Amino acid sequence: MRMSHFVVRDAIVPTLTATTRDEVIRELVRSLHAAGQFLNTDLEDVIRAVLRREQLGSTGIGRGIAIPHSRHAAVSQLVGTIGLSKADGRIPFDSIDGEPVDIVVLLISPQDRPGDHLRALENVVQTMRDDEFVRSLRACRTRDEVWALITGGR
Amino acid sequence: MSANGAIRKTVAVANPNGLHMRPATLFALAARTYRSVVTVWNGDRRADGKSSLDLILLVALPGAELVLEVDGDDAADAIGPLADLLGSPGEDT
């Protein structure tokens, strides 16, 4: 699986306005909603589901990267988006290395497709181990730049 | 390898969502409480059992048969609890 298989281009947020973990999650879920990925009536419940998952344990995987996620019946296929923070001090996320984050990859999976969720997680973790990719992602200033990067072999 | 050799046990993934981030994190945290080297295999894929990210890269689907290998002076104490955790049905998270 490649990132471009589940990242929704129109939902990418190259400059997050939110500066806290919960606000970032809300901003990214709203961006997926604005890109037409689920119904109005599901929006608040999807946000709650991702926040609830985060409360069980941080999805901050270290090195400034977090992968908040949830399974939810609002989607029939795995969808995701990427948010980049340019905020000073980045975003506190209770990550495993204690470092704040500036790259957030949000995933929403259907309830009944665990394989897709696991493969997407694998893809994100594997991709984010590539220092050059992460450096290039941090340098992106527009949605098109992020999309060009993740479709360039990712 | 320790003087006594590694202990191995095959464990089927019972979590209906597979070995996703939460169970991988819980397993890695538990594995880190032992001195032994903890390795988990899913076929040819090998993960450091003390790294949740490594465990995610196993892509262990529900029902997958994993091999848990524990090597060190506390391996005999570690194998049971770690095998139970790896094979736990977990919560729906």
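Fully extended, how many nm does the chain gain between A:Ser76 and A:Ser136 (0.36 nm per residue separation, minus their Cα-Cα distance)? It would help to have the intermediate numbers written out before the result.
Details: separation 60, 0.36 × 60 = 21.60 nm, distance 3.13 nm.
Result: 18.5 nm gained on full extension.
Once every DSSP H run of n ≥ 4 in chain A is given -39500 (n - 2.57) and the sum is divided by its residues, what mean residue ellipticity at 222 nm do you get, rounded to the nearest 500 deg cm²/dmol? Before the final figure, lay out the partial values.
Working: 6 runs with 68 residues, N = 154.
Using -39500 (n - 2.57) per qualifying helix, the result is -13500 deg cm²/dmol.
I'd like the Kirkwood hydrodynamic radius of segment A:26-133, using the inverse of the mean 1/r over distinct C-alpha pairs, in Å.
14.2 Å
Let's see if you can work this out: charge +1 on each Lys and Arg Cβ, -1 on each Asp and Glu Cβ, no other charges. What is the dipole magnitude of the protein assembly as shown about its Cα centre, in debye to the nearest 20? Spell out each step's value before the answer.
Working: 28 positive and 33 negative charges, 94 e Å.
Approximately 460 debye in magnitude.
What are the extents of the Cα atoms of the protein assembly as shown along their three principal axes, listed from largest to smallest and rounded to whole Å?
Per principal axis, max minus min of the Cα coordinates gives 57, 35, 31 Å.
When a/c reaches 1.5 or more, the comparison of a/b and b/c decides; with that in mind, is segment B:7-86 rounded, prolate or oblate per its Cα gyration tensor? Provide the component values of the computation, followed by the final result.
Values: a/c = 1.64, a/b = 1.48, b/c = 1.11.
Because a/c hits 1.5 or more and a/b exceeds b/c, segment B:7-86 counts as prolate.
For segment B:1-74, state which trypsin sites (Lys or Arg not before Pro) are in a DSSP loop and have at most 13 other beta carbons lying within 10 Å of their beta carbon.
Numbers: sites: B:Arg8, B:Lys9, B:Arg32, B:Arg35, B:Arg45, B:Arg46, B:Lys50; in loops: B:Arg32, B:Arg35, B:Lys50.
Passing sites in segment B:1-74 are B:Arg32, B:Arg35.
Taking θ = phi - 60°, what integer Hz values does the Karplus form 6.51 cos²θ - 1.76 cosθ + 1.60 yield along segment A:10-21, in sequence order, with x for Gly and Pro?
5, 9, 5, 10, x, 9, 5, 8, 5, 10, 10, 4
Mind checking B:14-22 for the average number of partner chain beta-carbons within 10 Å of each residue's beta-carbon? Before the final figure, lay out each step's value.
Values: counts 0, 1, 3, 9, 6, 3, 7, 13, 5.
If you average over the peptide's residues, the count of other-chain Cβ atoms is 5.
Read-outs: derived from the displayed coordinates by stated rules, not from any lab. This one's a predicted model, so the numbers in the text were calculated from it and none came from an experiment. Note: ideal-geometry Cβ built from the backbone for every residue, glycine included; neighbour counts use all protein chains shown.
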